[in-house]
Each structure stands twice: as structure tokens, then as C-alpha cells.
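Scroll down for the structure; my scribbles are underneath it.
Derivation of every value follows stated rules applied to the coordinates shown; laboratory data play no part. Here the structure is a predicted model, which is why all the values come from computation and not from measurement. No Cβ is skipped: glycine too gets one built from the backbone with ideal geometry, and neighbour counts run over all protein chains shown.
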Amino acid sequence: MNSPPPAALLECREVHKSFGPRTPALAGVSLAVSAGGLNALIGPDGAGKTTLMRLICGLLTAERGTVRVLGFDPVRAAQRIQERVSYMPQKFGLYEDLTVRENLDLYADLHGVSAAQRAQRYPQLLHMTDLRRFEGRLAGRLSGGMKQKLGLACTLVSSPQLLLLDEPTVGVDPLSRRELWQIVHHLVRDEGLTVLMSTAYLDEAERADRVIVLQSGRVLAEGAPQGITRLAAGRTFKLTPAAPESARTLQARLLASSTVIDAVPDAGAVRCVCAQPDGAAPAGSTPVAPRFEDGFMVLLRQRSVPEALTDILLAHPPAAASGAVIEVRDLVKRFGAFTAVDRVSFTVGRGEIFGLLGPNGAGKTTTFRMLCGLLAPSGGVLRVGGLDVARAGDAARGQLGYVAQKFSLYGPLTARENLEFFASAYGLRGAARRARIDWAMRQFELLEARGAAADLPGGFKQRLAMAAALLHEPRILFLDEPTSGADPLARRAFWRRISALADQGVTVVVTTHFMQEAEYCDHIVIMDAGRVLAQGTPAQVRALAPRHGLVEPTMEDAFIAVVERARAAEAAAPAAPAGAA
Amino acid sequence: MLTSIARVAALARKELLAVLKDRRALLSLLVPVLAQTLVFGYAASYDLNQVPYVLWSRDSGEAATALIARFDGTGIFRRVATVARERDMRAAIDERRALLAIGIPPDFSRRLAAGRPAEVQLIADGRNSNTASTALGYAQAVISSFNAHWRAAHGEPGPPARLTERAWYNPNLLSRWDMVPGLIGTLTLLQTMLLAAMSVAREREQGTFDQLLVTPIRPAEIMAGKALPAMLIGIAQATGVLLVAQLWFRIPFEGSFAVLYGGLLLFVLAAVGIGLVLSALSYTMQQAMLYSFVLLMPFTLLSGLTTPIANMPRVLQYFTRMNPLRYAIDIAQRVYLEGAGVRLLLPDLWPLALIAVVTLSAASWMFRHRLQ
């Protein structure tokens, strides 16, 4: 969009790269990154973000085109590049059996950092990442957020000129995410480091100096984030649902309209982006200022045909039921002396979407596993669908659907074979089994999925995992971080399906790190250190955040406020048992 | 019950699909087994076909010449040197040119001609005791046949008692005949145990185990679904070895296939049971593999395939009773060579069944209790 900046630190010209006979990962990427500043690389799953990063640091060679980093060819001048460029892949190679300090030492040794340099660099890094207190702790015993910070520290021991970060905040809770961002900002502003960072969070991209949007191996747009935000100018509106209608159903209704590009629940209302600027605004809407995300959606819609999404339809929706479908009272789980879940109570009604939110290590996965019957509680009452899951056995499990965090599929099997297996596992046979598999293949757009499940793109895997969990039309659906690592488009499609299921009476329990997604839930619980800190509707929880002027606080603000308040109280009175809010 | 069977079948089908689809995995299940059968069939033999010997003869008489001709005529003894001095004989053994030295004293022919006993000296290289004693045995056989012949030719009466040797089931005492049928169990054990041990660990590592546990499938069904494919692959491997034994080595099969396969089925069940216990113990595939290999070595060494169990220290003999391979080798050899029926094999069959019952129940118990 702008004229190419002078003295490019990084330059790619017409870069092509493909893996096997499939569609190329990169099909003629040209871009330039000047020294200094934070550059965000965004785009849907499989857009080529990781491939591009690996080309830049010389881990892959381009088929055609040139890559120049600090004036060097990253493959031929590998040594020079390694001295000046640091790369933090999605899964950073920390040695879990080494301490924080030993990990740092190892990377310092590998980069040949002298003792004098270390003496100067370590205190900076440990201070910046706030890991000084944990210097002697094994890396394997750090929380997810701390591991990411240590990974970042390890990539920085060599004082690079260019830092490449591949989705550093995926699977990291909001508190740790905020800390990581503060570190990156400090590096860019105060140390003059150039950072290229890929991310699935559009709010992160908005804070970058420059944004590069990749799609299908091509650069879709490049420039300041404001430029992309401006694409949505005059198209963004906010609607408040009328009394009986929920924000979620309003959103679904809006999305079905051809004049609307995007709609998301937002602080009790629905934000929508219209297809035409200054065209017919939805009735009863008020214009709002566009956000980066809105512009991004407009950009994607300009270039690609929108996904024709048919709403999911259950053949046998769960029968109406009175009372709670899930009832949890004073649930406790102890592992030895450690209490992972401490007197947690909540109820979930039929057709509700219930969100479990919390930082890493808060106990939400443990709670979740107990709900699914994968873990036996140490105490308390736990009834799912009126039955005690741990004891009721296969009858109780037959009414549950479960989507695990990493989309647990059988890699060597095809999509259909996976479905065939799970259908039989749920006791489906003969014509009914075939009918359900056909239904799932259609509903989840799996008909064109070819080959082994392991080789399918991320979006397909997520849909396949969902399809497998819904074959037997469960009354209750459990989803563990279902959108972790998914791009914005896939996340929207996912939530649309979930909303449709809930509207038909399926009870949904979901854990998520995306605070925005909590807006899709009817009820949420925020957990930390094994305890429930806050629960209620998204609006009730949002109200717990301090207000600054007229700006409506976001769920993320509320989350951070609630967790920090609880931790401060804990620090002030460590012995006092904190009651659930 | 029907749904239970359907679920087990679905699991077994899924496991088999995963193996059959991966061409490399499939090859790694069959090719090494067949190759090892061929290699061991040729290489792992106690029969000596070539005994290099050095001759130190100080007698050129008729009897000495006849004795030497007998040695050379067997086709087994190959003379590498004829020396005149004891020192040279010593050197031939020291330098490993010869395995055996035959020394004939100057008065050998003279004494025999006079009807008096004469001595032949045999020196063997004892640095490999097994080979040495086999070579000495062969040499003794040559000498006793020479004796018998000499007596008959000189009108002397034969010895008062004469030994008539018949080796039943393996008339020529070819070690390949008992080695190759023994491989049916030995070569099957590794991958049967490993497949079972890795199957659950793999699912644990890839996160699909949780997915499996939230379905209505019961722990016992999971076990059955894991056991069946491993057993099927084990039986297929055993069949491969059996085919090589019959079609390539042409070792005559005396028994009933029904009895052999019945015994093998119990054996692979026991092996799978052990594999599933290992699998319940391990969190990762690496652990499962390590545990399997730790067990494999003692199982093979203490199976009776290469060294007789009766020669082992008593404590180890007790250990071999827990070794499924011991029974499998016995069953395979006896059905194959002697045509043993079920009644004769009972002492082998019931321990295998016991091992299977104990390990499978233990594994099932462990799976249920590891969930908590």
C-alpha cells in the first residue's frame, strides 16, 4: 500500500515454495520489512505463514525467487543469519528436564555467547520475563505462559537483530499473553529490535506497526493496520437484541443475511459489518467505529467467495428437560497434597453454552476431565445428564460428545474411516450408521477431504473432530479449547455451528483462552488456582471490570481484573479461605 | 453383547487399517521375520560341516594310513597341514588354522598288527568349548567305526556290546530341524508383544485415548480390540515362518496344523497379555518399547532354543516357567517333528493359558485403575 521502505532489513521477491504435488504453500510472495518496528503476519490456517518464517531463517529453501535477510541469502550465508536472526517456532524446543537457568545456558552455549555477554544479558532477560524467581525450576514444571517467556528469553540470548516469532501467544491465557506483549513491545521500542510475528489474534495484529496479510500463499495486503481498519469504514454497526432474543440468535440471524459480512457478539450486543459501505444498515442499529478485525473480514471477503455455511440440523434433538443437565456441587480434586479443584459449584441447563475460563493451571482442564468421566473426583457431587458419569459407565458416556484439545483423530485413517470407527464405538450399526456418517460428511463439509486425517488442514481436522463427537447425537457436548490455533474465519464457522446446536437443545461445555469467545456463552465461570472466582452471564462478569470513562470494558479486561484481584487477596491473607464470588 | 462385539470389531478394524495402510509398517512386520528365518535357518546351526585339522603322524604303516583315509573320507574333516614336529602342530592350533590335531605315534600300526591296543591322540581347541566337543565327538565316531572295521577285517570278534544309534524325529540330527520350528515362536514374540504394548501408549501420546474412554466402549472391550489385531499379525508371522520351514528348508511336518495353531493362539494371547501389561505401565511409546526389549532378551535366552533349560541354574529354571516362549518353542518343535497331540502337549498348554489369563486380567485391572 505504501511505497517500499528504504533499506529493507528483510526482502522477499517472488518467492515460491511447495511441498509435494499439492497447492503451493507460497505462490509468489514479495514483501519488504524495514529495520525497527513490529510486523505482524496474519492470515487463515495454511496461508503459508510458518513456511515463510522458515524460509527467512534458512530452514527451507525457496524453489523460485529470492530471500534477502540483512543483505544475505539465508541458505548460503546460514552462519551469518544464525548469528543475527532468532526464530521461535510454535513449539519452542525447551528442555523440560533442565532448569530455567540451564536452558538459558544451553542456548547461550549453542550461540557462542561469551561469559561477559551473559553476565550482562541474563539479568536483563530474567528481569524482563520475570523469571528470576524461577531460575532453578525445571522448565517442564513451568506454566504454559512461563514456558513461552522462557522460550523467548532463550531466543534472545544471542542479541539478534531480527526476531521471528511464530504464533507465540497460541494457547496462552490472557494474563500471560499480556505479559508477552509487554516484553515484545519493550524489545521493539527500547532495544530497537525488528520483530516479525505471526498471530491468530487480530487484536494483536492491530497493535503492530505493520501488518502483512497472507492468504493461500500470496500477500493479500501489506501496510499499517489502520489502512486495513479503514476498509470497514462506514460499514460497522452495533445492534442490541430485543428482550426475548439473545445476542447469539441475533448474530445468527444477521449472518444469514446477504448484506452482512460478519457479525460477532460483543458485550451483550452484536457488532456487524455490512457488505456495502453506507448502504442499508440493519434496522435498529447504531454506527460504531471500525476495528482492525472488521477491516480484515472485509479484506478476506473481497478476495474469496464466502463459505456457504448451512446451519447444522439434528435429526433427533435432545428432548426438553426440566432442571439442570449438569450439576456440580463442591467438586474437589486432589492430587496428593495438591488441590487442583477446590469446592467448585455450578449448574448448566439444557441448550446452554457454558464456558470454563481461566489462566493456565487454573484447574479448568481437571474440572473438564471430571465432567467427561476421565477423572474421578476426590469429593463433591457431579451429575451429568442426571447420572454419575464416573459410576454410571457406558450408558452415561453414550449421551456425551467430546472434542479433545488436539482434535484426537486417528492419523493414518481417512475422514470417513475415522467417522466409521466412532460411529461403531457409539453403537451405531447398519443403515443408521451409514445415514449418520453421510449426515456428518455433509454437515461438516468433509466430502472433499482426501487422504489420511493426519495430513488434513487444521480447519478440516477441527470439523472432523466435531463430526465424530456428534455422530451419536449427544445431549451434551464437551469441547476442550476447540478454537486454539484456529484462524478467525474457522472460529466464526465453529461458533455458528455450536450456536445452532445449542438452539436445538444440545448442552455445550467449552473451555477457551479467547476471551472474546466467552461472549458466545450463556454462562461463564472464571477459575484460578482451582477455585471459581466469578460466574454468571457474560454481561454480569464483564461488569466486574473497572470502567474507564465511556469505553465498555471487554471480557478480557474483566478476566484480568478478576484474576488479579483474587491473587492480590490471596497474597494479602494466605490463610483465609477465599469464598467463591 | 452384540453391540459389545461390534465395538470390539470396530476397534480391531481400525487398528488393522492403521497397519495395513502404512506400507512401510506392513513390510516391517513381514520382511524381517522371513529374512530372519532364512538367516537363522542357515547360520544358527550346531552341525560342523568343516573341521580343519592338522595331522602329526609318525607312522606310515597300513593301519595309520587307513585311519587317516577314514578321516579324510568323511567330508567333514579337512586336513589343513601335515606336520612332522609337535611344535608345528601346536602352532597350527594356536593360530586357529586347525580346530583339531590328530597325533599318531610311531608304533601305531605295529601294535595293531600285533593285536595289541594302540593310542591315537586327539587335541581340540577348547577356546570354543561347544565346537570342540562336537568336533571330538565326530572324531570319536570315526575312530570307533575304524575299530569295528579293523576287527571284522582281521577276523577278530566284535566288542561284547554294540551301540545302535537311532535319533527319532530327526534321524540325521540336523540342528536346522529343531532350530527352524523353534523360530516360529521366537520371531513372533517380539512384534506381537510390541504391537500390543505400543497400541495403547500410542493413543495416550496422541491424545486419542481420552477420546476412546469417553465413548461407551468398556475397558475390557478396548483390550480385546487391541489384542485381536496383534494376535492376528502374530499368527500371520508364525505362518510365514512355517511356510519357509516347509517350502524352503523342506523340513517334514509330522503333526496336525490344528494342534499347532491352537498352541500358537494361546502363545500369542499370552504375548499380547504381557504387551498390554507393559502398555498399561507406560505413558509413552518410548517406554513401551523399552520395556518390551528389556523383557525380550531374557525371554529369548532362557527359552531353551539355544541352551537346554535343564542345564540352567535352578532359580532360572523357575523363571523359564513364566516365559511363554519356552512353551511355544516346545509346542512348535514337538508338533512339527514328533507330531505330538494335545494330550502330550498339555504341560505346555495350560501354563500358556495361565499366563494369558493372569496378564490379561492384570492389564484390564490396571487400565481401570489408572483412570483415577
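The table below gives the values:
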quantity	calculated
Descending Cα extents along the principal axes, the stretch B:236-308, whole Å	45, 27, 21
Partners for A:LYS461 among lysines (Cα-Cα distance below 27 Å; same-chain residues under 8 apart left out)	A:LYS17, A:LYS49, A:LYS91, A:LYS147, A:LYS364, A:LYS406, B:LYS14, B:LYS21, B:LYS226
Residues B:ALA66 and B:THR307, FRET efficiency given R0 of 41 Å [Cβ-Cβ distance, rounded to 0.05]	0.60
With Cα atoms, 0 to 90° folded angle of helix B:175-206 axis to chain B main axis	30 degrees
5 Å binning of all Cα-Cα separations within the stretch B:265-372, expressed as whole percents from 0 upward	2, 12, 18, 21, 19, 13, 8, 4, 2, 0, 0
Note, ³J(HN,Hα) from phi for the stretch A:117-131, Karplus 6.51, -1.76, 1.60, rounded to Hz, x at Gly and Pro	5, 4, 4, 8, 7, 3, x, 4, 5, 5, 5, 4, 8, 6, 9
Whole-angstrom Cα spans of the protein assembly as shown along principal axes, big to small	134, 68, 58
Cβ-placed point charges (K, R +1; D, E -1), dipole of the stretch B:217-359 about Cα centre in debye, nearest 20	140 debye
Degrees separating the helix A:292-303 axis from the principal Cα axis of chain A, which is the longest one	90 degrees
Whole-Å distance, taken between Cα centres, linking the stretch A:200-216 and the stretch A:176-194	16 Å
Compactness index (Cα Rg / 2.2 N^0.38 Å), the stretch B:157-208	2.42
Theoretical ellipticity at 222 nm over chain B - DSSP helices of four or more residues, -39500 (n - 2.57) apiece, nearest 500	-22000 deg cm²/dmol
Helix axis angle, A:458-470 relative to chain A longest principal axis, alpha carbon, degrees	10 degrees
Which of B:SER60, A:THR66, A:VAL170, positive extreme of dipole for the protein assembly as shown (C-beta unit charges)	B:SER60
Dipole in debye (nearest 20) - chain A, about Cα centre, beta carbon charges: Lys, Arg +1; Asp, Glu -1	580 debye
Low-density loop positions, GluC sites (Glu not before Pro), the stretch A:1-96 - DSSP coil, at most 14 other Cβ in 10 Å	A:GLU63, A:GLU96
Gyration tensor (alpha-carbon) shape descriptor, the stretch B:104-162, a/c threshold 1.5	oblate
Dipole of chain A, positive direction: furthest Cα of A:ILE498, A:LEU409, A:LEU26, with charges on the beta-carbon	A:LEU409
Percent RCO, i.e. relative contact order, over chain A, from Cα pairs under 8 Å lying at least 6 residues apart	13 percent
Peptide A:417-427, shielding by other chains (average Cβ, 10 Å cutoff)	6
Assigned charges on the beta-carbon of Lys, Arg, Asp, Glu; chain B dipole about Cα centre (debye)	420 debye
Part-to-part distance (alpha-carbon centres) for the stretch B:199-220 and the stretch A:404-481, which is given in Å	16 Å
Loop sites in the stretch B:202-308: GluC sites (Glu not before Pro), DSSP, at most 13 other Cβ within 10 Å	B:GLU254
Whole-angstrom gap from the stretch B:252-327 to the stretch B:8-39, using each part's C-alpha centre	20 Å
Trypsin sites (Lys or Arg not before Pro) within the stretch A:73-161, DSSP loop, no more than 15 other Cβ atoms inside 10 Å	A:ARG76, A:LYS91, A:ARG137
Listed residue (B:GLY73, B:ALA18, B:THR307) projecting farthest to the positive dipole end of chain B, Cβ model	B:ALA18
